[in-house]
Each structure stands twice: as structure tokens, then as C-alpha cells.
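The values are calculated or read from the model by the stated rules, or taken from the named source; none is laboratory data. As the structure is a prediction and not an experimental result, all values here were calculated from the model. A quick note on method: Cβ atoms are made from the backbone with ideal geometry, for glycine too, and the neighbour counts reach across all protein chains shown. Note: areas computed on protein heavy atoms with side chains; ligands, DNA, RNA excluded. Shrake-Rupley method; radii C 1.70, N 1.55, O 1.52, S 1.80 Å.
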Amino acid sequence: SPTASPTASPTASPTTVPTGQIPTLTKKYTQSPTQTTISPTQETSHPTLSPTQKPSGKPVHSTPEPTAPKEDPYARFLLNIKVYNNGVVDRMTKSCKWLSQKRRPDRRKICRNKKYQQYSEEFNLLPASQVCFETCAEYCIAETQGSIFTFDSSVDEEVGEVVASTKKCKWLSTRPPERITAICATTVDAKSMYRQAADICTVTCGSCPLPTAISTSAPTASPLSQKRKEDPWANFLYKERVIDDDDTTEPYIVRNCFWLTTYANDYEKRRICQNAQYQLYSRELGLLPASQTCFETCSGYCIQEVPHAQFVGIDDKNEAVVNTCEWLASQVESEIATICNKEIGIESIFRQATEICTDTCNTCLSDDEI
């Protein structure tokens, strides 16, 4: 066996006789399996040893040291799939260059959000999180059951190349805990279009700093929201008014929480509480949307995030500070996780980040409008 540290000078010949066997392939390479221990500067005019066994008939191919792949700016990824009433399927693709030029909040959505983790194995199309791995490297990808990761590798003896096999996150989530831990900790060094388990199966592997408990409805109300009582006569911005050029009417239609709970049916209530078009703010009027004002009535719905939506946080002096979801989305992942997970004990007319910035904080399963 090798010594703990290198010898003073290299030996003239190998110290042991080769066994003639192909080295065993492992998932993590520290060096090429067929690399020798002879110094690169040493030259020999004749072989010092002869093989101990007859050749197997097939050449033993050396496996090159795996190198980190580079992102192709012109590689196409699957952005969206639309199915029309006539059965026509439209697969919208974009390039990594296009993605890298998007605003950071938009880039983050496309890289990370669950709705963009779509695959078309028939057309060999993958999501941006897989194809644009450098552009998406800083974002934590939302796991889906159909997400695919590189699982294992083996040597193709015909060509002497390391080939990869894949599995889905749904399969991984059903393994025993110790097996999941081992797979998530493994880096498979093989040429593959798919990323590692820890990169893709972020919930199963617990590899995201962001909240991973995703709900189909609304996030749990914060202790602060639970302490406050909703005022049934508090006004909120209902919607923008259509104004003629010579009309001096106020630009918004205003309603109160009593109207919302009494006169709006369940469908309208959900739409007003949840949908992006109703997330209106007016600094001049000092009015907020129903999702903020009627927080008890809207507590059962997951509010759609809009860039201008406002939430309350605390600064270094433990004082209340109001920021927008657009600002939050522009922060680094670790800071986003801290803000989204922090409980605010300061009374405010604004709700917390995890309740308002549901996209950035990853607290809603879907952002589809109704």
C-alpha cells in the first residue's frame, strides 16, 4: 500500500506487479483510474516489467479526468408548454443567453420556480435549471416529482467512456432515509445533461436554505397577524377605475372588508384576495389591497406576488421597516432565507414577507390566476 507521504525520490520501477484487472469505477474520482505513479520527468528506454497475464482481447481505455462543463449560451431550454383546444402542443424554448439578460427577479423565477421545471423527453428538452446551470447556479431549484437527476455511472467497454444513468425525484423520495442521504451526498462524475440529486431534489435532499414546506393554499398566518383583529369597516383598493379624459373621479374603486365578507361570493373573494391584478397600493390615499387590509378574510388564500407588493420587516435596530417584493427578490439567497423565515413582533398594517412575497419566499404551490 502507498506510504503516508511521497518517498524522497521515485523508484526506477513500480513496487508491485500489476494485477491486470480494470480498476473499479467509483462515483467520485480523485484521479484517472489508469493513472500511474511514475514521475512525468522520468524516462525509461525499455519496459521494466512484463504483463503477468495475457491480454483480454479488448484494449483497456484510460478514463480522462472529468472536467467541469461550460454552459452553452445558445443552448435551448423549455420555458413553457401550451396545449390548445384543437390538440396542438406549443413548446416554447429560449436560450441561456436570453435568460442571462433578464432582470434578476425574472431570472430567479425561471431558474427556480416549480412551474418552470418542465421536461419533454420526446423532444429532449429540459428546464433552464438543468440547461443553463451556470446562470441558475445561485438559485435553489423547486423540486417536482418529475425532476430528473444524474444517479449513477458506469464504463461503456465498447468505447471506454463513462456513461450516466438517471432517476426522478419521486423515486428518490421513496428510498430509505440512509439511502437518500447517501445519494444526496454523492457527486456523479460523468458526462450528463442532468444535474446532481442535491441540485434538483432540493426538498428530499434538504439542500435549500429557503422554506421547503409548500402549501396548496396560503402560508400559515404569522403570530402578529393572529394578534391583530380585522376591522370590518377598513377600506381597501378594489380595482382601478376607467376614467375619461374630462373625468375627475378618483382613480380607484374602494371597498371595505364588510363588503368583501358579506357581498362577494367565494369565487370573487378568492380572486380579490389572491390575484395579482388586485394587489393595488396607493401611497397618496394611504390604502392597501384586500390581501393586506382584510387579512382574516383573506387568510385562506395564497396571495400572488407582485414586484411592488410591500411587507414589513425589522432592521438592525429592531425597528419596523417596509420593503417591496422586488427588493427582496434582488437579495442574495441567504438574505432572502433569513427575511422569509423571520417572525416579526412589531405591529404594522403590512403583513410579513412570507405572506406577501409568496413567490420569492416559496410559500405557494402555484401562482396560476383564476
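Residues that are in contact with a helix residue (DSSP H, G or I) (Cβ under 7 Å, 6 or more places away or on another chain), among the charged types (D, E, K, R) and touching a residue at least 40 places away in the same chain (Cβ under 8 Å): does the range 117-137 have at least one?
Within the range 117-137 (the criterion being in contact with a helix residue (DSSP H, G or I) (Cβ under 7 Å, 6 or more places away or on another chain), among the charged types (D, E, K, R) and touching a residue at least 40 places away in the same chain (Cβ under 8 Å)), the answer is no, since none of the residues qualifies.
For the structure I just gave you, tell me whether N318 is on the phi > 0 side of the Ramachandran plot, free of Cβ contacts under 8 Å to residues at least 40 places away in the same chain and in a loop (DSSP other than H, G, I, E, B).
Numbers: on the phi > 0 side of the Ramachandran plot: yes; free of Cβ contacts under 8 Å to residues at least 40 places away in the same chain: yes; in a loop (DSSP other than H, G, I, E, B): yes.
Yes, satisfied.
Could you check the range 99-129 and list, in sequence order, the residues that are open to solvent by less than 30 Å² (accessible area, probe 1.4 Å) and either under 23 Å from E333 (Cβ atoms) or of a type in the set (F, W, Y) (or both)?
Those that are open to solvent by less than 30 Å² (accessible area, probe 1.4 Å) and either under 23 Å from E333 (Cβ atoms) or of a type in the set (F, W, Y) (or both): L99, P105, R108, I110, C111, R112, N113, Q117, L126, P127, A128, S129.
If the requirement is being surrounded by 20 or more Cβ atoms within 10 Å (Cβ to Cβ), in a loop (DSSP other than H, G, I, E, B) and hydroxyl-bearing (S, T, Y), which of these qualifies: T135, T150? Spell out how you get there, then give the answer.
Values: T150 fails: in a loop (DSSP other than H, G, I, E, B).
The conditions single out T135.
Going residue by residue through the range 195-202, is there one that turns out to be surrounded by 14 or more Cβ atoms within 10 Å (Cβ to Cβ) and either modelled with pLDDT under 75 or under 30 Å from S291 (Cβ atoms) (or both)?
Yes: one or more hits.
Residue by residue through the range 48-80, note down the ones that are within 21 Å of C132 (Cβ to Cβ) and modelled with pLDDT under 75.
Correct list: P66, T67, A68, P69.
Looking at the range 321-336 only, could you name the residues that are in contact (Cβ under 8 Å) with a residue 60 or more places away in the chain and more than 21 Å from Y116 (Cα to Cα)?
S334 - this is the single residue of the range 321-336 that is in contact (Cβ under 8 Å) with a residue 60 or more places away in the chain and more than 21 Å from Y116 (Cα to Cα).
Report yes if some residue within the range 81-98 is part of a helix (DSSP H, G or I), at pLDDT 90 or above, over 23 Å from V203 (Cβ atoms) and open to solvent by less than 60 Å² (accessible area, probe 1.4 Å); otherwise report no.
Yes, the range 81-98 contains at least one residue that is part of a helix (DSSP H, G or I), at pLDDT 90 or above, over 23 Å from V203 (Cβ atoms) and open to solvent by less than 60 Å² (accessible area, probe 1.4 Å).
Just give me the residues in the range 263-278 being open to solvent by less than 80 Å² (accessible area, probe 1.4 Å), in contact (Cβ under 8 Å) with a residue 24 or more places away in the chain and either of a type in the set (A, V, I, L, M, F, W, C) or part of a helix (DSSP H, G or I) (or both), in sequence order.
K269, R271, I272, C273, Q274, A276, Y278
Filter the range 293-352 down to the residues that are charged (D, E, K, R) and buried (at least 19 other Cβ atoms within 10 Å of the Cβ), then identify the one that is nearest to A234 (Cα to Cα). Reasoning before the result, please.
Start the filter on the range 293-352 by keeping residues that are charged (D, E, K, R), which leaves 296, 305, 315-317, 319, 326, 333, 335, 342-343, 347, 351.
When the remaining residues are screened for being buried (at least 19 other Cβ atoms within 10 Å of the Cβ), the result is 305, 351.
On the way: E305: 22, R351: 15 Å.
So the residue we want is R351.
Restricting attention to the range 291-300, does a residue exist that is part of a strand (DSSP E or B) and modelled with pLDDT of 85 or more?
The answer is no, given that none of the residues of the range 291-300 is part of a strand (DSSP E or B) and modelled with pLDDT of 85 or more.
Could you tell me whether the range 153-164 includes any residue that is surrounded by 13 or more Cβ atoms within 10 Å (Cβ to Cβ), under 21 Å from the mean Cα position of the chain (by Cα) and without any contact (Cβ under 8 Å) to a residue 60 or more places away in the chain?
Within the range 153-164, not a single residue is surrounded by 13 or more Cβ atoms within 10 Å (Cβ to Cβ), under 21 Å from the mean Cα position of the chain (by Cα) and without any contact (Cβ under 8 Å) to a residue 60 or more places away in the chain.
Each row is one residue, and each column tells you yes or no for (1) open to solvent by less than 30 Å² (accessible area, probe 1.4 Å); (2) over 33 Å from the mean Cα position of the chain (by Cα); (3) β-branched (V, I, T); (4) at pLDDT 85 or above.
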| residue | (1), (2), (3), (4) |
| --- | --- |
| K167 | no, no, no, yes |
| P176 | no, no, no, yes |
| M193 | no, no, no, no |
| P223 | no, no, no, no |
| R228 | no, yes, no, no |
| W233 | no, yes, no, yes |
| T261 | no, yes, yes, yes |
